[in-house]
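Taken together, the values in this text are just the output of simple stated rules run on the coordinates, not laboratory data. Remember, predicted model here, so these are calculated numbers, not experimental data. Here the Cβ is made from the backbone with ideal geometry for all residues, glycine too, and neighbour counts use every protein chain on show.
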């Protein structure tokens, strides 16, 4: 028995041939994949983004209700480790840089063997010292490092995606005649930045003379239409490169005759918004279907039917028990996922889950039953309380600070911590606050694009009941129920409904921003707020339109934040931005 897992990052379902017949993206190998596997049409993400999703791949359970981005915990189950202990050699080949940061450092060491290829995103790889490097903000340093890294990748053969697939296929070629192994070929692409060589860009000819733009920020779209289309073309080019990598894996399956006894799983952690809903990227905004309704295909020799599709509601948490079941091992009691074997068999379409839970720590907590999607936001603007439960106090790229740890308290064990008490650490909302967006309810049957939120008390109550059940099954801490305004025990009632109460704010935030070129006073919109308020006339404008930002003397405003940056992260609405832009421009003209 053998298994190959090919995992992408930020791969959009809605651009791929198995899911869209009129896609502009050239991806023939994804169509070929659908002919050889079971295409899972109703596959949802769970814990997000990158490392929380990979924690689900190891543990088979949700983690975002208890923990933000972080390592595997001492009490976590790990499928690669379990397989290794059962005599199955597991190998990881990856260019995903987050494995080798503070918040991902315990994942790759669960594999029997592993190898890593450098250079993606802002990976601190090649050292080239530039003037002013010490004063750069973190994102600026990443942008600079990415430009340095690209100079060391002059050809496609040297691209880390190519090298990763080379290494994964070397393992397959070397061990094709052996039994009892699993290889995970994990690609960072098509995660931003969308770096490809020219032959893939040539697949998407278009006129564009603007600035380089293959790394959109995590914010609302304010770029002109031509720049948006350029970013989409750059993403499409990278998906086409990923398609070639997929084709190489399929070729190896063919060449070695692996379809008879080898499982193939092709998946991703989440998607990426390319202007849909007026947003770039992920995390800051609600988790729309473009981000969580994922492409996934599985070939399972236990009874899978090639070239078929399943509509069963399944999730990332199901991959772990499926791999265990394939090698004859039982899932652990802590696993919430289910073996996909019944779904993959002929005619297997029964849902494995009553509801699919998904979200990010401190953001909306979401659930879908396949028909409706319920996005539950915070009941208060503070988005509190937020608690972390961990024995591994590291963030994405740093340790917990002394302030983080100064007031930690021991928590009682959860059922899945194997009797261990964890550290309960108080957190803050930070850069994402679901209260700004409101609580949203969508009917996917009537509105698959999620452009028209509905307000239906009966449906919301039913979905709130489902959400409470799934959260309780996940042993969600009481603080999550408190933050969301839901009862810790008992069924929610009409007094707990939020959609209508938050509808006006939700509608205002859903409105896309106008392009910056369409607004007067663009320079003032991009000027730091702390600088604007020093001018009495301009401060008066802000007090008329956005008093909350100045009445607190900007205490809650990030350093360097401007009106535009606040609007791009949904703190200000498009309507507020237009109003303050008009008034600022008029005031500026009168005071000149």
What is the log10 of I(q)/I(0) for region 135-215, computed with the Debye formula using one identical point scatterer on each Cα and no solvent, at q = 0.11 Å⁻¹?
-0.46
Longest principal axis of the chain (C-alpha) makes with the long axis of helix 160-175 (C-alpha) an angle, in degrees to the nearest 10, of 20
Let me see the pair-distance distribution of region 437-516: every alpha carbon pair, 10 Å bin width, integer percents in order.
17, 42, 31, 9, 2
Grab the alpha carbons of region 513-591, take their convex hull, and tell me the volume per residue in Å³.
79
Under the 0.36 nm per residue contour assumption, what length would be gained going from the current alpha-carbon distance of residue 305 and residue 251 to full extension?
17.5 nm
Going fewest to most other Cβ atoms within 10 Å around each Cβ, 414, 288 line up as 414, 288
Taking all pairs of distinct alpha-carbon atoms in region 261-330, Kirkwood radius in angstrom:
14.2
Expected sort for 490-499, 457-466 on mean C-beta neighbours within 10 Å, highest first, is 457-466, 490-499
Fewest-first sequence of 62, 235 by Cβ atoms within 10 Å of each Cβ:
235, 62
Counting helices only, and only those DSSP H runs with n ≥ 4, report the 222 nm mean residue ellipticity of the chain as the sum of -39,500 (n - 2.57) divided by its residues, in deg cm²/dmol to the nearest 500.
-9000 deg cm²/dmol
Can you work out the PRE-style zone for residue 35? Point 7 Å along Cα to Cβ, and I want the residues of region 228-257 with backbone N under 18 Å.
243-257
On each of the three principal axes the extent of the alpha-carbon atoms of region 2-357, given in whole Å and largest first, is 56, 42, 42
Kindly state, to the nearest 0.05, the FRET efficiency for residue 380 paired with residue 454, given R0 = 30 Å and r defined as their beta-carbon distance.
0.80
Helix 536-545 against the longest principal axis of the chain: what's the angle in degrees, Cα atoms only, rounded to the nearest 10?
60
In degrees, nearest 10, the alpha-carbon axis of helix 50-59 is tilted away from the dominant principal axis of the alpha carbons of the chain by 40
How do 287, 431 line up, fewest other C-beta atoms within 10 Å first?
431, 287
Shape descriptor, region 381-521: equivalent ellipsoid semi-axes (Cα gyration tensor, sqrt 5λ, whole Å, largest first) stand at 32, 24, 13
Output the direction-averaged projected area (hull surface divided by four) of the convex hull of the alpha-carbon atoms of region 96-153, in nm².
4.6
P(r), alpha carbons of region 219-362 - 5 Å bins starting at zero, rounded %:
2, 8, 14, 17, 17, 15, 13, 9, 5, 2, 0
